[in-house]
Amino acid sequence: MLRDQIQEIISAAVDATKSAGQLPDVPIAAPAIERPKQADHGDFSTNIALITAAAVKQATGEKANPRQIAQAIVGHIPVDGLIGAVELAGPGFINIRLAEDWLQTQVRAIIDAGKSLGNINRGAGQRWQVEFVSANPTGPLHYGGARNAVLGDALASVLTAAGYDVQREFYVNDVGNQLDLFARTLHARYLQLHGQDAEVPQDGYQGDYMIGYAQQIQAEVGDRYLSMPLADVLKDLRTRGLAIVLADLRDELGLIGVQYDRWFSEQSLHDEGLVDQILADLTEKGDIGEWDGARWFLASKYPKNEKDEVVVKTNGLPTYFASDIAYHYDKFVRRGFDRVVNVWAVDHQGHVPRMGAIMAALGLDPERLIIVLYNLVKLVRDGQEVKMSKRSGDFLTLHEVVEEVGADAVRFMLLTRAPESGVDFDLNLATEQKNDNPVYYVQYGHARICSILEKAANEGLPTGAQPQPGDDEAVALLSHPAELDLIRKILELEEQIDFAVEKLSPHNLTHYALDLAHTFSAFYEKCRVVDVSQPALTRGRLLLSLAARTALARVLGLMGMTAPESM
């Protein structure tokens, strides 16, 4: 990354200062490279002189003046290549400005990078899995689950851009009482379709969507279930109902561009005997106890856990938690992921400590399992919270929200806040065709550039990405502050990707996209792009516009959004 290049230059300057006898030869930590809060302080700033002064005092006992140290270090920073100027500030800060001619050369590099723009090698090929959504397969996806989907998918995208080998996974909870209730509810709805007086179980699924599922099954089996033994009917309904719901989930998530590398069945852990194997191994290790007719995982043996957890109920059936232990053994031991990220709603935060206990009991480093907790989503229309579907009276589904505002608006709005913060999703704002709507503003920025380039092409001007004779001279004319600011803003993308990975939160991409669109707008207002009297400058500004379009398309793609060419 650019920031790393600056850090290497500063570190080399510190070493040169030592070699020149201007600093004692003491261990000094790597310099922190930051972006100043005020643009007039330069592109980057470092506190290396203050760090060095502290290191000198610790090693020698002698007090050192940070500003004098900074002055000595500055003398060994080469002002060439990417560095245009170096300045002292305050008690010993060093401010660095990028060179204009270096910035100009980056326009071609940005265009050539294309869809890989901003990619970094932080991950170095480490295998990471992001498991997200994993909703019970018993009905449509609630709109709140869309935040899980958008967060997990965008996080997987930035991890990939940062050099990680990433797998997206949906864990299908196809074992247990919820599917039994689902099958019994389907059976009641099926019987009702055949004119029978059947009641939906009191603790079953009351939503009208179950009628639709029953109608699909009736179309497949006719009246066959009316003459079959109940146990066989319920078994078949589990299988058919699960298939219908999973197909619907794939379609619903596909509406917002979410696709998985693997849909993992919980039932497969039991069919392969892995749950029994893991419970036997933990029993042998002394991590399973038995009392009150049940078997318990001794989570209280491990930090941050005050209570033990049931793994086999009194009826002899393993719990969901038992499956969870086997599932994470499969992830880390059998499939060998270096890290796993589970995206959970905040109401599951009480389960986080026991996941650390699972890892420790399996002999794994708990740090390898990362739980990202996200807060709730509140839909607002006309200033009032919306919870129920107007159409069915049931909960509002992801499909209905996408139908109202569009997939891109759903993705952008649900990414605007860090996971731990709640989201107020304004449905009115999301559909407005004006600059107050951030989704519209960013996408219009991309479409606007496409329009500029198309108009220039229609006038016979070269607008393509392929290099043209004189391009180097053309970009060398980009010296207006608005032009250089736009190049700088584009070059921030790699830092934005790095930040999203560091925080495991891609919410910063929405703010960066807005800043980038705003920076392009400022450039367009202050710099006439097409000026037939200045063909070389026109070519340079068209190339800069193409670079901005490349960057906007890239950040929109990382967020899982489309980059429209017209609006």
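Scan segment 178-195 and tell me whether some residue there is assigned to a loop (DSSP other than H, G, I, E, B), over 30 Å from Arg411 (Cβ atoms) and at pLDDT below 95.
Within segment 178-195, not a single residue is assigned to a loop (DSSP other than H, G, I, E, B), over 30 Å from Arg411 (Cβ atoms) and at pLDDT below 95.
Go through segment 95-119 residue by residue and tally those that are touching a residue at least 24 places away in the same chain (Cβ under 8 Å) and either in a loop (DSSP other than H, G, I, E, B) or among the aromatic types (Phe, Trp, Tyr) (or both).
Residues meeting the conditions: 3.
Checking the structure you have, find out if any residue of segment 380-397 is under 22 Å from Leu509 (Cβ atoms) and either modelled with pLDDT of 95 or more or not hydroxyl-bearing (Ser, Thr, Tyr) (or both).
Looking for residues that are under 22 Å from Leu509 (Cβ atoms) and either modelled with pLDDT of 95 or more or not hydroxyl-bearing (Ser, Thr, Tyr) (or both), one finds none in segment 380-397, hence no.
Identify all residues within segment 30-56 that are touching a residue at least 24 places away in the same chain (Cβ under 8 Å), over 30 Å from the mean Cα position of the chain (by Cα) and closer than 12 Å to Ala70 by Cα; write none if there are none.
Within segment 30-56, Asn47, Ile48, Ala49, Leu50, Thr52, Ala53 meet the criteria.
This table checks each residue for (1) small (Gly, Ala, Ser); (2) in contact with an Asp or Glu (Cβ under 9 Å, 6 or more places away or on another chain); (3) within 19 Å of Arg554 (Cβ to Cβ); (4) part of a loop (DSSP other than H, G, I, E, B).
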site	(1), (2), (3), (4)
Gly460	yes, no, no, yes
Lys489	no, yes, yes, no
Pro506	no, no, yes, yes
Leu516	no, yes, yes, no
Ser521	yes, no, yes, no
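When segment 462-487 is examined, which residues are found to be assigned to a helix (DSSP H, G or I), under 14 Å from Gln534 (Cα atoms) and out of contact with any Lys or Arg (no Cβ under 6 Å at 6 or more places or on another chain)? Reasoning before the result, please.
The first filter runs over segment 462-487 and keeps only residues assigned to a helix (DSSP H, G or I), leaving 471-475, 481-487.
Now drop any that are not under 14 Å from Gln534 (Cα atoms), which leaves 471, 473-475.
Residues satisfying the conditions are Asp471, Glu473, Val475.
Is there a residue in segment 72-94 that is among the acidic types (Asp, Glu) and assigned to a helix (DSSP H, G or I)?
no
Which residue is farthest from Met359 (Cα to Cα), if the candidates are limited to segment 285-314 and must be surrounded by 15 or more Cβ atoms within 10 Å (Cβ to Cβ) and touching a residue at least 24 places away in the same chain (Cβ under 8 Å)?
Here the residue is Val312.
Cβ-Cβ below 8 Å, separation at least six or inter-chain, first residue in segment 70-92 and among the acidic types (Asp, Glu), second assigned to a loop (DSSP other than H, G, I, E, B) and surrounded by 18 or more Cβ atoms within 10 Å (Cβ to Cβ): which pairs?
Sorted first by the residue in segment 70-92, then by its partner, the pairs are Glu87/Gly42.
Taking into account only those residues within segment 86-109 that are over 32 Å from the mean Cα position of the chain (by Cα) and aliphatic (A, V, I, L, M), which is surrounded by the most Cβ atoms within 10 Å (Cβ to Cβ)?
Ranking the qualifying residues of segment 86-109, first place goes to Ile94.
Specify which of the listed residues (Leu317, Leu282) is farther than 22 Å from Gly152 by Cβ, free of Cβ contacts under 8 Å to residues at least 12 places away in the same chain and of a type in the set (A, V, I, L, M, F, W, C).
Answer to the check: Leu317.
Residue by residue through segment 148-177, note down the ones that are assigned to a helix (DSSP H, G or I), of a type outside the set (A, V, I, L, M, F, W, C) and touching a helix residue (DSSP H, G or I) at 6+ places or on another chain (Cβ under 7 Å).
Ser157
Okay, residues lined up against (1) more than 22 Å from Val133 (Cβ to Cβ); (2) in contact (Cβ under 8 Å) with a residue 60 or more places away in the chain; (3) hydroxyl-bearing (Ser, Thr, Tyr):
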site: Arg168; (1), (2), (3): no, yes, no
site: Asn173; (1), (2), (3): no, yes, no
site: Gln178; (1), (2), (3): no, no, no
site: Arg184; (1), (2), (3): yes, no, no
site: Arg189; (1), (2), (3): yes, no, no
site: Gln192; (1), (2), (3): yes, no, no
site: Gln196; (1), (2), (3): yes, no, no
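What residue, of Val233, Val275, Val258, is of a type in the set (Val, Ile, Thr), in contact (Cβ under 8 Å) with a residue 24 or more places away in the chain and in contact with a Ser or Thr (Cβ under 8 Å, 6 or more places away or on another chain)? Walk me through it before giving the result.
Values: Val233 fails: in contact with a Ser or Thr (Cβ under 8 Å, 6 or more places away or on another chain); Val258 fails: in contact with a Ser or Thr (Cβ under 8 Å, 6 or more places away or on another chain).
That would be Val275, the only listed residue that is of a type in the set (Val, Ile, Thr), in contact (Cβ under 8 Å) with a residue 24 or more places away in the chain and in contact with a Ser or Thr (Cβ under 8 Å, 6 or more places away or on another chain).
Find all pairs meeting these conditions: Cβ atoms under 7 angstrom apart; at least six residues apart or on different chains; first residue within segment 531-560 and outside the structural domain of Leu516 (by TED's automatic domain parsing) and surrounded by fewer than 22 Cβ atoms within 10 Å (Cβ to Cβ); second residue modelled with pLDDT under 95 and hydroxyl-bearing (Ser, Thr, Tyr).
Taking only residues 6 or more apart or on different chains, not a single pair turns up.
If you go through segment 74-93 one residue at a time, do you hit one that is at pLDDT 95 or above and over 29 Å from Ala29 (Cα atoms)?
The answer is no, given that none of the residues of segment 74-93 is at pLDDT 95 or above and over 29 Å from Ala29 (Cα atoms).
The rows are residues; the columns are (1) among the aromatic types (Phe, Trp, Tyr); (2) surrounded by fewer than 18 Cβ atoms within 10 Å (Cβ to Cβ); (3) not in a helix (DSSP H, G or I).
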residue	(1), (2), (3)
Asp424	no, yes, yes
Gln443	no, no, no
Ser451	no, yes, no
Lys455	no, yes, no
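Any idea which residue in segment 120-147 is modelled with the lowest pLDDT, counting only those that are out of contact with any Phe, Trp or Tyr (no Cβ under 8 Å at 6 or more places or on another chain) and in a helix (DSSP H, G or I)?
Top of the filtered list is Gly145.
Could you figure out which of (1) in the same structural domain as Asp153 (by TED's automatic domain parsing); (2) within 24 Å of the chain's Cα centre (by Cα); (3) surrounded by fewer than 21 Cβ atoms within 10 Å (Cβ to Cβ) isn't true of Val333?
With respect to (1) in the same structural domain as Asp153 (by TED's automatic domain parsing); (2) within 24 Å of the chain's Cα centre (by Cα); (3) surrounded by fewer than 21 Cβ atoms within 10 Å (Cβ to Cβ), Val333 is out only on (2).
Quick one: count up the residues across segment 57-66 that are crowded, with 16+ Cβ neighbours inside 10 Å and assigned to a helix (DSSP H, G or I).
Residues that pass the stated criteria total 1.
Inside segment 235-256, can you point out the residues that are surrounded by fewer than 18 Cβ atoms within 10 Å (Cβ to Cβ) and either polar (S, T, N, Q) or not in a helix (DSSP H, G or I) (or both)?
The one that is surrounded by fewer than 18 Cβ atoms within 10 Å (Cβ to Cβ) and either polar (S, T, N, Q) or not in a helix (DSSP H, G or I) (or both): Thr239.
The values are calculated or read from the model by the stated rules, or taken from the named source; none is laboratory data. What you see is a predicted model, and the numbers here were worked out from it, not measured in a lab. Positions of Cβ are backbone-derived with ideal geometry, glycine not excepted, and every protein chain shown enters the neighbour counts.
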